[in-house]
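What follows is a set of notes on a single structure, which appears directly below.
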Amino acid sequence: MELIAIWKTLRRRWWLIAIPTAITLLWALPALPDAVAPPETYGSTLRFSAAAPPQESNAEAAANDPLARSGTYEDTAYVPWLASEYLVVNLPQWITGSEFANEVSQTLAERGVDISSEDLEAAFSADSSRSILFVYLGWDDEDELEQIAAATIEVLQASNQRYFPQLALQAAAIQPLDEIDIVRTMPPFTSRLQPFIRIFIGLAAGLALAFLADYLDDSIREADELEALEIPVLGTIPRE
């Protein structure tokens with residue numbers, strides 16, 4: 001197809017191109033400011049080791065068990081590490097729940113920082129690897145995030161016994177492995193591109209509709225189209 005023919009098709013079917021493009025533009029419009037100039041956000045990653053204390057009954061049994069006193073591998077290493085791993089695997093379920101956010105909110109309130117638990121709940125994510133707990137924090141204020149991180153450590157250490165019946169006799173020992181480190185974060189580049197991708201998809205859909213409509217249209221508009229059908233052209237009537 002010659003360039004002039006493409007131009008004529010675009011000029012003739014411009015409204016088919018404009019409609020889907022306008023729809024996707026309106027859809028992407030709310031996200032465009034953040035895509036062009038992302039807001040400042042901050043993040044912090046906290047690592048913890050955790051140990052589940054031995055049950056009192058188990059400790060008493062071990063004291064009277066010659067095999068336990070002998071210090072086998074299972075008693076001295078395997079069982080404590082396995083218990084630690086089980087504990088760490090379950091802690092993220094608490095951290096990402098509403099009760100944990102409520103505990104952190106109350107701790108912050110005691111320090112004069114007013115942040116609702118509903119807002120805090122979205123700030124937490126957590127994961128585990130073997131016996132190491134990872135807590136990921138995200139917030140839009142650097143100073144507040146440092147306070148949130150400190151409150152998170154306090155709640156993990158002071159309140160874990162309240163939510164796990166297995167720790168009824170004694171709280172788990174949870175130890176941070178790093179100092180609180182706040183870093184500025186940027187949204188992923190792919191998420192910033194999403195509004196523009198939506199607009200491009202709308203434009204591509206509009207172009208496809210325009211050329212499809214022109215292909216299916218059997219109207220004759222140009223003398224060249226008649227000549228392509230081997231129909232002789234006797235003359236043309238100019239537009240007034």
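Read the figures in this text as sums done on the coordinates, not as results from a lab. This is a predicted model, so every value here is computed, not measured. Every residue, glycine among them, receives a Cβ derived from its backbone with ideal geometry; neighbour counts consider all protein chains shown.
Values computed for the structure shown
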quantity: Distance (nanometres) between label positions extended 7 Å along Cα→Cβ at R47 and S98; calculated: 3.4
quantity: Inter-probe distance in nm under a simple model that places probes 7 Å from Cα toward Cβ, at I231 and V113; calculated: 7.9
quantity: Segment 139-223: GluC sites (Glu not before Pro) in DSSP coil with no more than 10 other Cβ atoms inside 10 Å; calculated: E179
quantity: In order through segment 212-218: 3J(HN,Hα) via Karplus (6.51 cos²θ - 1.76 cosθ + 1.60), integer Hz, x for Gly, Pro; calculated: 5, 4, 5, 5, 7, 7, 9
quantity: FRET E, pair E40, R130, Förster distance 25 Å, beta-carbon r, rounded to 0.05; calculated: 0.15
quantity: Leading residue at positive end of dipole, segment 110-184 (Cβ point charges), from S117, S129, W139; calculated: S129
quantity: Segment L167-E2, extension gain: residue separation times 0.36 nm, minus the distance between their alpha carbons; calculated: 51.6 nm
quantity: Computed lengthening from D224 to L209, 0.36 nm per intervening residue step minus Cα-Cα distance; calculated: 3.1 nm
